[in-house]
1. How far, in nm, would the chain grow between residue 134 and residue 205 when pulled straight, counting 0.36 nm per residue and subtracting the alpha carbon separation?
2. Rounded to whole Å and sorted largest first, what semi-axes of the equivalent ellipsoid does the C-alpha gyration tensor of the range 27-255 yield via the square root of 5 times each eigenvalue?
3. In whole percent, what relative contact order does the chain give with Cα contacts below 8 Å and a gap of six or more residues?
4. State the antiparallel share, in %, of DSSP beta bridges confined to the chain, rounding to the nearest 5.
5. Show that you can apply the helix-only estimate: for the chain, add -39,500 (n - 2.57) for every DSSP H stretch of four or more residues, divide by all residues, and state [θ] at 222 nm to the nearest 500.
6. Using only the alpha-carbon atoms of the range 187-264, report the extent along each of the three principal axes, biggest first, to the nearest angstrom.
7. Need one number: nm distance between label points at residue 37 and residue 244, each 7 Å from Cα along Cα→Cβ, rounded to one decimal.
8. Restricting to Cα pairs below 8 Å that are 6+ residues apart, what does the relative contact order work out to for the range 188-264? Please round to a whole percent.
Ligand SMILES: C[S@@+](CC[C@H](N)C(=O)[O-])C[C@H]1O[C@@H](n2cnc3c(N)ncnc32)[C@H](O)[C@@H]1O
């Protein structure tokens, strides 16, 4: 396969998802910049997400999805009490390799403070992180591979806005995320706020689509109920990605009745 150039083309056209080589996602640099220690923003996201999972009794969710899981383990940890089976869907060969290695060989020590925080917020999580992660199955694929209505809960962290410069494509990714759950299913997401295309380390530029709360409302309000959007302040301990913070979303997919057209 021809190698796709990573830097923005001279034409200035919006770079789409397929224009980037996701197999080459720089896992080591991404982990070093974002997840080798617990940053204040992680604490904010984990607190928010944990409160959603705590709504459910242990084992209440037959199947959950982590869409675009990448090498981030904390969303998978958080799902480990309420979820009986957790699909970590990820297209990148590098991301899949890292996840599979963590699940089979055991997690890097740098993830232990993340699990300690998850468990302090949700005591239903098992004492052993490996036990929580035993429910996770790594699946190679993209948002296009999600079978609609499969999941009780879908989670997506820093994906739809961080993988394309095209707002239409951002919307389509969010639609696939919403469709992943059964009617009434739970949606849980985090988005970088107003982040332009970005570099990890001194690598190439990755395509992103700056979104704010208004953009999220315009995409999610017509497709969901109970939409709530919160924020975490910009984290100055992270590299400068050009964002203004993190937006946190919860909602429910519309029920079959709400989707049906009103009788004439
Ligand atoms: C910025 S990273 C976020 C990773 C992780 N979710 C996290 O919380 O750090 C974006 C991820 O989306 C994945 N991705 C790219 N295109 C995708 C697509 N079309 N469908 C699903 N995931 C995609 C990338 O491979 C990468 O792992």
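1. Numbers: separation 71, 0.36 × 71 = 25.56 nm, distance 3.46 nm.
Residue separation times 0.36 nm, minus the Cα-Cα distance, leaves 22.1 nm.
2. Details: eigenvalues 106, 96, 57 Å².
Ellipsoid half-lengths, sorted descending, are 23, 22, 17 Å.
3. Numbers: 529 pairs, mean separation 54.7, N = 264.
Relative contact order of the chain: 21 percent.
4. Details: 17 of 38 bridges.
Roughly 45 percent of the DSSP beta bridges within the chain come out antiparallel.
5. On the way: 9 runs with 80 residues, N = 264.
Result for the chain: -8500 deg cm²/dmol, rounded to the nearest 500.
6. Principal extents (largest minus smallest coordinate, Cα): 58, 24, 17 Å.
7. 2.9 nm
8. That works out to 38 percent.
The numbers here are math on the coordinates, done by the rules we state, and not lab data. Not measured: the values here are computed from a predicted model. Here the Cβ is made from the backbone with ideal geometry for all residues, glycine too, and neighbour counts use every protein chain on show.
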